[in-house]
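*Asks:* Mind having a look at this structure? Questions to follow.
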Amino acid sequence: MILTWKWELVVYLWLAGVAGGAFFVAFLMDRITRGKHEQLPKIAMFLGVPLVLVGSLLLVLDLGEQLRAWHLFTRLRLGSPMSAGSWILLLYALVGVVMIALWWSKSFEPGELRLSVLSGLASVIRPAASAIGILSWIAFVLAVLLIAYTGVLLSATNQPLWGGVLLLPALFVASAISTGMALLVLVLRTGFGRLLDLLFGGEGERVPADTLHAMGTASLVLGIVELVVLVGYIAWLAFFSTAAGAQAIGVLLTGPMSLVFWGGVVLVGLVIPLVLEFASLRGREMLVGSVLASTSLVLLGGLFLRAAVLLGGQMV
Amino acid sequence: MANAMLIDESRCMGCRGCQVACKQWNDNPAELTENWGSYENPPELSGITWTKVKFTEKVEGDQVKWLFLTQGCMHCTEASCEAVCPTGAIQHHGQYVLVDQDWCIGCGYCVAACPFDAIHSVFETEAGGEQKATAKKCTFCVDRTSNGLLPACVKTCPSGALSWGDRSDMIATGKDRVAALQAGGYARANLYGEDQLGGLHRLYVLADEPSAYGLPEAPRHATSNVAGQWLSGILTAGIVAAVPFWLVFKRQRAEEAQGGGAER
Amino acid sequence: MTNQWRDLKNADAFLVCGANPAENHPASMSHINKARDARGAKLIVVDPRFTRSASTADIYAPIRSGSDIAFWGGLMNYILENNLYHEEYVVNYTNASFLIDEGFQGAADLDGYFSGFDPETQSYDQDTWAYQQDTEGNILRDETLQDPNCVFQLLKKHYERYTVDMVEKVCGMPKDNFLEVAQAFAATGAPEKTGTILYAMGQTQHTVGTQNVRCMAMVQLLLGNTGRPGGGVNALRGESNVQGSTDMALLFHIIPAYMNTPNAAKHSDLAEYLEKETPTGGYWVNKPKFLISLLKAWWGDKATQSNDFRYDFLPKISGGINTYAWISMFHAINDGTVKGMWILGQNPAVGGPNARFERKALEKLDWMVVQEIAPTATTDFWRAPDVDPTSIQTEVFLLPAADAMEKEGTIVTSGRLIQYRPKVAEPPGEAQGDIEIMDLIYQELRRLYEAEGGALPEAVLELNWSHGADFDSICREINGYWTKDVTDEEGNAVGTEGEMVANFTKLTDDGSTACGNWIYSGYWVPANDGDGNMVTACKRRGQKDPGGLGMNPYWGFSWPVNRRIIYNRCSADSSGKPWSEDKALIWWDEEEGKWTGYDVPDFSGTKGPGDAGFNDPYIMQPEGKGRLFAARNEGPFPEHYEPLESPVANLLSSVQFNPVVKQWDVDRGQDVGDNVGTSDQFPIVCSTYRVCEHWQAGGMSVWLPWLAEAQPEPFLEMSVELAQEKGVSNGDRVVVSSARGEVEVVAIVTPRVKPFTLDGKTVHQVGMPWHFSWQGLARGATANFLTPHVGDGNTMIPEYKAFLVDVRKAV
C-alpha cells in the first residue's frame, strides 16, 4: 500500500501539538494566577517557535513540489483546514518571533541601549514592547487554533480512521495540551527553563514548588482526560460507526499499528506516566528522576499517537 | 449540457482495455506488480494509474458472482478534493474536476479527502521505489473530448460497457439498463451516481448493490462537517482549560485573592 | 466459422463451450450483447471455471475438463428424446434418412468400439460404415426416419446411453444445471429460432478434439441452425490470422486451399492424384481445376500439360499425423531425423506440449533459424537459465522480423473475412517482413542451386517467383490470373493473358489459369464498395448492410466469393422460402428464376424447386447433405473416451482411451520423456488456458510494460476446498507437478473453481495460463512443462486441456 503522508508529517503533527500546547498551558497558568508566572509563556514561546519552524520545514519537505510551497499563501480558503492551518502556522510563527524580539528588547537595561549594534536594534524595538500583552492574547487564540486544526484536517477527509470522527480533533487537542504541559514541566525541572529565562534577560527565578506541584496534578488530570477521549474515540469507531470504521480501528488495536498503539500510545504514553505521576503526588517518588521519566514518556506518547493515527489511517 | 461517462458493469468483462488505453494516452509508465492472488493489478490507483478494474468475487448460496468495477475519478459536482485543496489548484472546468499541474504543490490532502480513492500524488516506480509528485487522476481525457474525440477508455472498450454523452441521456440509458437487469432477475440492480455528492459524472449501472463493488453507499463530502470538527477541537481546549486548570490552580487564586504571598 | 462475427447479433441463444470470448475475443461481446439487448438472447457458458465470460452469462454450467462428448451426447439425447430437433431441416438437409450398411455396429453394441476395428493397426476398416446404395449407385433413404439402419435411428441408439444421470456422473455437471442449459439451447430447434455454438481450444485441444467438433456440428444440424443467420458452428480462432495460415495450408497434410498433400504411395502421378482425390459429386468435382491452377501459379510457364504441370516437383508425404504432425516432428528432431529447423514467429519452448522434452529436442538440431520480433524462450533456448550454452551444438540464426504493423498484408478473421492492412510503422533496425526475408533466402538458394546443382535443382530453379517480394504481385497470383488469352466457342474473349480471374468459377484445368489459392480467388479484384467506388475487394471498407443482418457485403472479402454465411441454402426451407422473415437471408425468386437475398448464395444460383439437388445445401459433400453420420478415424459418431490422463474410469464403455491415438514412449521413466501419469500419483485434473492480457506464447505481450503491469506472472486457479486441503491461502506460492515436470506459481484461491463429484467421487480441477517463460517483463513458469505428449486421433492437436497434476504448497 502507498502511504502519502509519512514520518515528516508524523513529526510535524507532534511538534505543532507540543508547541501550541505548551503556550496554551503556560498562558493559562499565567492568567489564572494573574500574571504570577510571566516566565512561563516566555519559556513556552522560546521553545515553541523553533519547534514550529522545524515543523514547517518538515511540511515543506513532505510536499511533492517543495519550491511551490509559497502557493499556500496566495489565498485563504476557509473551507480547507489545510489552507486555514497554513496561515495559522505562519501567523503563529510570526507573532512568536515578534514576541521573542520584544521580550528580548525589554531585557536591556535603559542605560545599555545605544552602546552596540544589538542594543541599538533593541532600542528601536523596545517602544513596541507594550504590545506584548495583546500579542500574548493573539498568540493564545492562535495556539488554540494550531492544536485544533491538525485534528480537524484529518477529520475533514474520507479515510475511515479519521473522516467525520468528531472525537479526533478532541483527541489531538487533549494530547497537545498534555504533551505541552509535559514539555514545560520537563524544562522547568531540569533547570533548562531558568537558563532560557536568563538568556533572554529574565530574572531566572525558580518556579515555586507549589506551582510545580500544581503542574504535576494538572499533568495527571490531563493524562486522564486524554485517556478518556482516546477510549471514546476507539469505542466510537469500533461500535457506533461504519464497518469501514471498525476495520480502520482494527489496524491500531490488532493490525500493523498495534505495537505502536499498545506499546507506544497506551503503555509508554499514558499508563506508565499516570502511574508515576500518581505515585509522586502521593509523596512516593518511585524512581529518582521519575518526573523526568514521566514527562519524557508523555512526550514520546504524543509522537506515537500521531504515528498510529496518521500512518494507521492510510492503511485502510 | 454537461457530458458524463456511463459504465455498465453488467457488460464489463474486466478486460483492462480501459486501463491500458488510459496509460497509453496519458503516457503513464507501468508500475512494478506481482500477482497477489487476483487478476487485479495494480492493486490501487496511484499517481500513474488513473483507471483500473477492481475484481470482487461474491458468493451467494451456491452462486458465484465476479463483479468488475472500473475505478477512476468521479468528477463529483461537490468535489471533496476541490474543497480541501489549500492552493486552489483543483478546480471545476465545466463538469470536469481538473488539477492544475503547474500550481499543485503535492501536499496530498486531496488524496485523503477523496471518497473514492481516485486521486494520488505518490506512485511506485518501475524499479520498485516510490516517488512523490503533484496530484494526478483521471481527467476524462479533456484533451480528447475538447477536440471532439471520446475519452481513450470509452473508445477502446470492446464490449460497449463504457459510453460517453450528455449526462441526462446517460442517466436515461442507465435507468433503462437497470430496468432490464431487474426484469432479468437482478433485483438489486441500480444506477449509481445520479444524486450522490450533487451528482457524479461517472455513472455506473450496477448489477448488485454498491457495497458489493466496494463503492460507498452514501459517499461523504470531506468537509461536510468541518465546522462541527473545529468546534469539537476548540471546545475540548475550552473544557480542558476551564476544568483542570481552574481546579488545580484555584488554591493559588484563592491565596492571591486573600492578598497573601504573591508578589507582582 | 460457418458464419461471421457480426452475424452473432442475430442469434437467439449462444452456447459457449470450450471458449472464453469475454477473455480472449473481447470485441465479440459487443455483437453478443446486441443480440441480448435486441432479442433477449441467452448467453450460456459451459466451462470448468467460472470465467470472465461466465461472469456476464445468463446460464453457467460447470464441466470437468475432458468430458465434453458426454455433455454433447447428453444434449443430443435430450433433443432427440424430447423431439426438439428441426424436423424439416433434418429430413431434407442432413443424412439422417440415409441407410447405413447392415453390417454396421456402434459403440452401444460393441462396448465402446465400432465395427471394423483392427487392434494391430489401431485403426478401423470403414467398409461397414458405408451408405447402402442401389444398383445405380443412388443412396437408399427412409424419409420417415424409422428404418433401424437409417442414420437417425442409429444416432438415437448411440446416444441413448447418454442420459442426464450419465452427464452428471461423467461431467460433474449437476442435473438441474444441465437441464437448464439443454432447455435453453434446444429451444433454438424451433424453425424460426437459431442458436450459435462458439468454441475454441477448449474443444479442440483434446485427444478427442475432432469428435468434440463433430458433436457441435451434429447438434447444429439437429437443431437446424447451420447455414442460417445467428446459427452455425463457429470456431473462435486463436490468433488474428490463424485462419489465413490454415487457408494457405501451413500444415503438412494440405496444400492451398484444403487439398490433400500428395502422398508418395497413393498419388504416384497427377492422374492418380486427381482420380483418387476428386469426388463424384459436390463442388469438389472441380478439384482438378484448383490443383492445376495452383501448379501453374508455382511453376508458371514451366508447368505444362506434357509434364503434368510439374506435379512431380511437389514434395510428397509418406505418412500421416503419426509421422509429420507437431509431436511426431519433435520426436523426429529428438532422434536426429530432422537436422535443421526454420521457425517463423513461433515459440515451441513455451507453446509446445511436454515443453521440457521439446526444449531438449531443440538442442539436438544442427542448425536453427528463428525469425522473430522479440526475444523468446525459443530464440534463446540455448541460454535458458537451466541450460549451459557451451553444451549446445546448435548453430542458431536470429532473423529479426517486422511485426504485423510494420508491413502491409492481409489477415483473415474467424469469419473467413479477408481484410487488407497497410503498413503503418517502420520496422526497427535490420528487421524485415517475412516475405522479404523469404525472398532473400529464395534468391540465395537459387544462386546456390545454379552454381552447385544438387538433388532436383529444377524444382527450385523453375519456380515461378517473378513476383519477388512485391506484395501486389503476390496477391494477384493468389487471386488467380489468365496465363494466356482465352476465347469461348463464339470467339468472345473470356480472359486476357495476365488479367486477374474474377473468381474461382473461371479456373480451368488446362493450364490457362494460375491461382495460388482458389478459395481466395476474387479477393484482389476491384469490387463495388457500396458507395459506387471500385476498390480492391479485400481493401473495401464500405459500411452499407442491405438487410441489416450484419452481412456487410461491402467490407473486405469473405471467402469463398464474398459469401458471408456458408451453407446458406439452409436459411430457406425445402420450398425455397425463408424459415422466418426476421432471418431471411436468401430465398428463391420464382419470377426471376434465381436465388436472391442479402448474401451470395452458397448454391447454384438458378437451381429451382423440382431441380435435382434443390435440397442439397451442403455442396462440399458428394451427397450434398450435412453429415450426422460421418467417418473419422475413431468412428462415425462421437463416443466418449477419457483423456490420456484421467482421474476416473470411462463410465460409457470399457474403452478407457481413444483407441486410434498413438501413444509415444520415448524415454519413459526418465526425468525428461514421454511420461504418463496415473491418478494415484496425480489425482487433480488440470487445464491450461489464456488470459486477456497476454498473447499466445508471450512474445508479443510479455515485453509490454502495461500488460506486464496488469498481469505480471502465471498463476494456478484452485478451489477454496482444494486450498484448504493443501493448507494454501490466496496469494501463496504452490508447486504444481505432473509426470513430465514441475512448476512453481502463485495460487489464486477462488470460489469460481469448484470440485467435481464424479459418480460419487470428489475430483478437484485446477488451471493455469500458459503464456509465460523466463523471458519478458511478465514472466514465470511455463505451464507446458506439465502437459502430455499426446494428441487428437485425426489431427494430433495436443491434449493441453485435460491432464493430471498434483499441487503442494511451496516451501
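The values are calculated or read from the model by the stated rules, or taken from the named source; none is laboratory data. Being a predicted model, the structure only gives us computed values, none of them experimental. Cβ atoms come from the backbone with ideal geometry, glycine included; neighbour counts cover every protein chain shown.
*Asks:* Among the residues of segment C:624-643, count how many are touching a strand residue (DSSP E or B) at 6+ places or on another chain (Cβ under 6 Å), in a loop (DSSP other than H, G, I, E, B) and not aromatic (Phe, Trp, Tyr).
*Replies:* Count: 2.
*Asks:* Looking only at segment B:153-167, count how many residues are touching a helix residue (DSSP H, G or I) at 6+ places or on another chain (Cβ under 7 Å) and away from every other protein chain (no Cβ under 14 Å).
*Replies:* 1
*Asks:* Being assigned to a helix (DSSP H, G or I) and farther than 18 Å from A:Glu38 by Cβ is the requirement here; does A:Gly193 meet it?
*Replies:* no
Conditions (1) within 11 Å of another protein chain (Cβ to nearest Cβ); (2) out of contact with any Gly (no Cβ under 6 Å at 6 or more places or on another chain); (3) assigned to a loop (DSSP other than H, G, I, E, B), marked per residue:
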site	(1), (2), (3)
B:Val53	yes, no, no
B:Phe68	yes, no, no
B:Met74	no, yes, yes
B:Cys81	yes, yes, no
B:Thr87	yes, yes, yes
B:Gln91	no, yes, no
B:Val97	no, yes, no
B:Asp102	yes, yes, yes
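*Asks:* Is it the case, given these coordinates, that A:Arg75 is charged (D, E, K, R) and within 9 Å of another protein chain (Cβ to nearest Cβ)?
*Replies:* Spelling it out, A:Arg75 is indeed charged (D, E, K, R) and within 9 Å of another protein chain (Cβ to nearest Cβ).
*Asks:* Assess whether A:Leu153 counts as being part of a helix (DSSP H, G or I), within 11 Å of another protein chain (Cβ to nearest Cβ) and of a type in the set (A, V, I, L, M, F, W, C).
*Replies:* yes
*Asks:* So, one more: Out of segment B:204-247, which residues are closer than 16 Å to B:Tyr192 by Cα and within 7 Å of another protein chain (Cβ to nearest Cβ)?
*Replies:* The one that is closer than 16 Å to B:Tyr192 by Cα and within 7 Å of another protein chain (Cβ to nearest Cβ): B:Arg220.
*Asks:* Only one of B:Ser159, B:Ser163 is polar (S, T, N, Q), surrounded by 16 or more Cβ atoms within 10 Å (Cβ to Cβ) and at pLDDT below 95. Can you tell me which? It would help to see each step written out before you state the result.
*Replies:* Working: B:Ser163 fails: at pLDDT below 95.
Criteria check complete, one pass: B:Ser159.
*Asks:* Continuing with this model, one more query. Say we look at segment C:687-713 and pick out the residues that are facing chain B (nearest Cβ under 8 Å) and within 29 Å of the chain's Cα centre (by Cα); which of these is nearest to C:Val746 (Cα to Cα)?
*Replies:* Checking each candidate, the answer is C:Glu713.
*Asks:* Only one of these is within 23 Å of C:Val660 (Cα to Cα), crowded, with 17+ Cβ neighbours inside 10 Å and modelled with pLDDT of 95 or more: C:Gln153, C:Gln126. Name it.
*Replies:* Exactly one of C:Gln153, C:Gln126 is within 23 Å of C:Val660 (Cα to Cα), crowded, with 17+ Cβ neighbours inside 10 Å and modelled with pLDDT of 95 or more, namely C:Gln126.
*Asks:* Please verify whether A:Ala218 is part of a helix (DSSP H, G or I), touching a Pro at 6+ places or on another chain (Cβ under 8 Å), of a type outside the set (S, T, N, Q) and within 9 Å of another protein chain (Cβ to nearest Cβ), treating the condition exactly as stated.
*Replies:* Values: part of a helix (DSSP H, G or I): yes; touching a Pro at 6+ places or on another chain (Cβ under 8 Å): yes; of a type outside the set (S, T, N, Q): yes; within 9 Å of another protein chain (Cβ to nearest Cβ): yes.
Taking the combined requirement at face value, the residue satisfies it.
*Asks:* Let me ask you something else. Do you know which of the residues in segment B:115-127 that are assigned to a loop (DSSP other than H, G, I, E, B) and hydrophobic (A, V, I, L, M, F, W, C) is farthest from the other protein chains (Cβ to nearest Cβ)?
*Replies:* Looking only at segment B:115-127, we keep the residues that are assigned to a loop (DSSP other than H, G, I, E, B), and these are B:115-119, B:125-127.
Then keep just the ones that are hydrophobic (A, V, I, L, M, F, W, C); that gives B:116, B:118-119, B:127.
Working: B:Phe116: 8, B:Ala118: 11, B:Ile119: 10, B:Ala127: 12 Å.
Across segment B:115-127, the extreme among qualifying residues is B:Ala127.
*Asks:* Taking A:Ala139, is it in contact (Cβ under 8 Å) with a residue 40 or more places away in the chain and either touching a Cys at 6+ places or on another chain (Cβ under 9 Å) or farther than 23 Å from A:Leu303 by Cα (or both)?
*Replies:* yes
*Asks:* Restricting to segment C:15-32, name every residue that is outside any helix (DSSP H, G or I), within 14 Å of chain B (Cβ to nearest Cβ) and buried (at least 24 other Cβ atoms within 10 Å of the Cβ).
*Replies:* Answer for segment C:15-32, where residues must be outside any helix (DSSP H, G or I), within 14 Å of chain B (Cβ to nearest Cβ) and buried (at least 24 other Cβ atoms within 10 Å of the Cβ): C:Val16, C:Ala19, C:Asn20.
*Asks:* For segment C:463-505, which residues satisfy the criterion of being of a type in the set (Val, Ile, Thr) and part of a strand (DSSP E or B)?
*Replies:* Of the residues in segment C:463-505, the ones of a type in the set (Val, Ile, Thr) are C:474, C:478, C:483, C:486-487, C:494, C:496, C:501, C:505.
Within segment C:463-505, C:Val486, C:Thr487, C:Val494 qualify.
*Asks:* Report, by residue number, each residue of segment B:18-35 that is of a type in the set (Gly, Ala, Ser) and more than 7 Å from chain C (Cβ to nearest Cβ).
*Replies:* B:Ala21
*Asks:* Let me ask something additional. So for segment C:47-55 (the condition being buried (at least 24 other Cβ atoms within 10 Å of the Cβ), among the β-branched types (Val, Ile, Thr) and either within 30 Å of C:Ser653 (Cβ to Cβ) or free of Cβ contacts under 8 Å to residues at least 60 places away in the same chain (or both)), does at least one residue qualify?
*Replies:* So far as segment C:47-55 goes, no, none of its residues is buried (at least 24 other Cβ atoms within 10 Å of the Cβ), among the β-branched types (Val, Ile, Thr) and either within 30 Å of C:Ser653 (Cβ to Cβ) or free of Cβ contacts under 8 Å to residues at least 60 places away in the same chain (or both).
*Asks:* I've got another one for you. Give the residue, chosen from C:Arg39, C:Arg64, that is away from chain B (no Cβ under 12 Å) and more than 24 Å from the chain's Cα centre (by Cα).
*Replies:* Testing whether each residue is away from chain B (no Cβ under 12 Å) and more than 24 Å from the chain's Cα centre (by Cα) leaves just C:Arg39.
*Asks:* Need pairs with beta-carbon distance below 9 Å; first residue touching a residue at least 24 places away in the same chain (Cβ under 8 Å) and assigned to a helix (DSSP H, G or I) and within segment A:83-96, second of a type in the set (Val, Ile, Thr) and surrounded by fewer than 22 Cβ atoms within 10 Å (Cβ to Cβ); sequence gap 6+ or separate chains.
*Replies:* From residues that are touching a residue at least 24 places away in the same chain (Cβ under 8 Å) and assigned to a helix (DSSP H, G or I), the pairs are A:Leu91/A:Ile138; A:Tyr92/A:Val49; A:Ala93/A:Val49; A:Val95/A:Ile138; A:Gly96/A:Val49.
*Asks:* Looking at segment B:128-152, which of the residues that are touching a residue at least 60 places away in the same chain (Cβ under 8 Å), within 14 Å of chain A (Cβ to nearest Cβ) and assigned to a loop (DSSP other than H, G, I, E, B) is surrounded by the fewest Cβ atoms within 10 Å (Cβ to Cβ)?
*Replies:* If we take residues in segment B:128-152 being touching a residue at least 60 places away in the same chain (Cβ under 8 Å), within 14 Å of chain A (Cβ to nearest Cβ) and assigned to a loop (DSSP other than H, G, I, E, B), then B:Gly128 is surrounded by the fewest Cβ atoms within 10 Å (Cβ to Cβ).
*Asks:* Which one of the conditions (1) part of a helix (DSSP H, G or I); (2) away from chain B (no Cβ under 14 Å); (3) surrounded by fewer than 22 Cβ atoms within 10 Å (Cβ to Cβ); (4) touching a helix residue (DSSP H, G or I) at 6+ places or on another chain (Cβ under 8 Å) does C:Glu88 fail to meet, given that it meets all the rest?
*Replies:* (4)
*Asks:* Answer with yes or no whether B:Thr70 is modelled with pLDDT under 95 and either acidic (Asp, Glu) or buried (at least 17 other Cβ atoms within 10 Å of the Cβ) (or both).
*Replies:* no
*Asks:* So which residues in segment C:714-729 are within 12 Å of chain B (Cβ to nearest Cβ) and either without any contact (Cβ under 8 Å) to a residue 12 or more places away in the chain or within 25 Å of C:Ala19 (Cβ to Cβ) (or both)?
*Replies:* C:Pro714, C:Phe715, C:Leu716, C:Glu717, C:Met718, C:Ser719
*Asks:* Please determine whether any residue of segment C:316-331 is over 25 Å from the mean Cα position of the chain (by Cα) and either outside any strand (DSSP E or B) or buried (at least 19 other Cβ atoms within 10 Å of the Cβ) (or both).
*Replies:* no
*Asks:* May I ask you to say which residue of A:Gly133, A:Gly120, A:Gly163 is assigned to a loop (DSSP other than H, G, I, E, B) and free of Cβ contacts under 8 Å to residues at least 12 places away in the same chain? Give the derivation first.
*Replies:* Details: A:Gly133 fails: assigned to a loop (DSSP other than H, G, I, E, B); A:Gly120 fails: assigned to a loop (DSSP other than H, G, I, E, B).
Exactly one residue qualifies, and that residue is A:Gly163.
*Asks:* Could I ask something else about it? All but one of (1) over 28 Å from the mean Cα position of the chain (by Cα); (2) away from chain B (no Cβ under 11 Å); (3) of a type outside the set (Val, Ile, Thr); (4) within 15 Å of C:Val745 (Cβ to Cβ) hold for C:Phe682; state the number of the condition that does not hold.
*Replies:* (4) is the only condition that C:Phe682 fails.
*Asks:* Please go through segment C:603-631 and give me each residue that is within 22 Å of C:Leu222 (Cβ to Cβ) and among the basic types (Lys, Arg), ordered by number.
*Replies:* C:Lys625, C:Arg627, listed by residue number.
*Asks:* Here is a follow-up. For segment C:129-150, give me the residue count where each residue is hydroxyl-bearing (Ser, Thr, Tyr) and either closer than 17 Å to C:Asn82 by Cα or crowded, with 16+ Cβ neighbours inside 10 Å (or both).
*Replies:* Selection size over segment C:129-150: 1.
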